[in-house]
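Written below as structure tokens is the structure these notes are about.
Quick note: the coordinates plus some simple rules give every number you see, no bench work behind them. Remember, it's a predicted structure, so these values are computed and weren't measured experimentally. Glycine gets a Cβ as well: all are built from the backbone with ideal geometry, and neighbour counts include every protein chain shown.
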Amino acid sequence: MKICPRCQKTYTDDNLNFCLEDGSVLNTMNAVPPPPTNPMNEPRATAQPQGFSQPQQQGWNLQQPGGQQQYAVQPAKKASKTWIWVLLILGTVILVCGGGIIGAFIYVGNKAQEVANAVANANYNVSTKNRNTSTTSNSTSTSTSSSARTSVEDLDLTNWVPKESKYADVHTEGDELFVKNNDPKYYYVLAGTDDQKTVDADALITVRNINNSDTNLGYGLVFHSMTIPLMKGYAFVIDSKKKRYRVVHHSPTKEDAVINWTRSDAINDGSQPNTLEARDNDGSVDLYINDQKVNTIDNAFGYAQGVIGIYSSSGIPVAFSNMQLRR
């Protein structure tokens with residue numbers, strides 16, 4: 001008796017050598033090879049998970065034909081240790097579900113980066129035409145500042161009130177500019193005009209935390225900034241309640257620390273006023289609080305024609321006054 005190895009049909013005629021069904025060479029029954037085994041499907045090769053960037057801050061820039069430009073932006077969230085658990089869980093899911101989920105996350109990441117890039121590109125293309133400069137007055141300094149620069153330009157803060165703003169309440173009372181950004185998750189910046197340069201100058205402003213409120217980002221002085229805010233430049237900010245200061249630099253959609261929160265006894269606590277000052281020194285910047293030097297930074301991120309500005313955050317009311325440029 002013979003058997004077809006392909007269709008398993010048997011034949012009693014030993015003289016028959018080929019299967020009548022499929023033409024395969026017949027095997028005798030005593031030499032039948034074991035039926036072929038179907039190999040298990042090998043797991044699909046999956047691409048290695050590629051990193052994707054977290055969506056950066058998203059902000060808005062409003063052109064102010066009669067004065068300063070404003071910008072509100074949300075800070076990137078600080079990383080926490082929960083990412084370790086997230087990676088472990090994602091790893092397990094990937095092993096169970098295969099590579100499809102990886103592709104989904106890469107897609108989400110790419111779309112997030114596209115949004116961030118779109119925001120940055122949009123802000124780069126904002127027109128700066130037809131902008132008037134703020135009214136200023138020149139005077140001889142009568143302060144007790146330790147600076148050798150004595151030609152003082154007082155900036156009129158009434159010209160810093162935007163014609164419209166849905167991101168912050170900005171108004172003046174007396175000689176103070178009051179700023180309270182609407183969303184506590186965002187920080188809010190006003191930048192000066194082209195003639196209010198902080199290069200080769202001392203930039204000063206006095207700040208007051210009206211209600212001695214908590215802040216996680218601070219409030220204070222912007223210097224060496226592009227007139228389109230938060231594209232390039234620095235912010236020197238304080239938290240008077242905790243008597244600490246920090247310095248950050250900006251690039252499109254990003255805020256990075258130059259000096260992390262640092263405690264200083266030079267800061268007047270509570271709702272007392274504090275004068276912040278950045279003195280440009282040809283490649284470095286000396287930082288002063290109430291005419292006491294607290295630190296020095298290298299000017300690695302400033303804009304060559306940078307201007308002065310103000311920074312507020314945390315949805316708390318802050319009063320700004322005595323804005324000056326000293327040359």
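Quick notes
- Additional length obtainable on full extension of the chain from R327 to D214, 0.36 nm per residue less Cα span: 37.2 nm
- Taking label positions 7 Å along the Cα-Cβ direction at both D269 and Q305, the computed distance is 4.5 nm, reported to one decimal.
- The range 154-266 gives an Rg/Rh value of 0.93, both radii derived from C-alpha positions and Rh following Kirkwood.
- For peptides 268-279, 8-19, sequence by mean Cβ density within 10 Å, most packed first: 268-279, 8-19
- Only Cα sites of the range 136-326 enter the Debye sum here, all with the same form factor; the resulting log10 I(q)/I(0) across q = 0.08 1/Å is -0.21, listed in q order.
- Projecting label points 7 angstrom from Cα along Cα→Cβ for D194 and D175 puts them 3.1 nm apart.
- Listed pairs K254/K293; K197/K242; K163/K241; K180/K242; K197/K241; K180/K243 exceeding 23 Å between Cα atoms: K254/K293; K197/K242; K163/K241; K197/K241
- Think of the range 178-305 as a dipole: +1 on every Lys or Arg Cβ, -1 on every Asp or Glu Cβ, centred on the Cα centre; then among V179, S213, G283, S213 lies furthest on the positive end.
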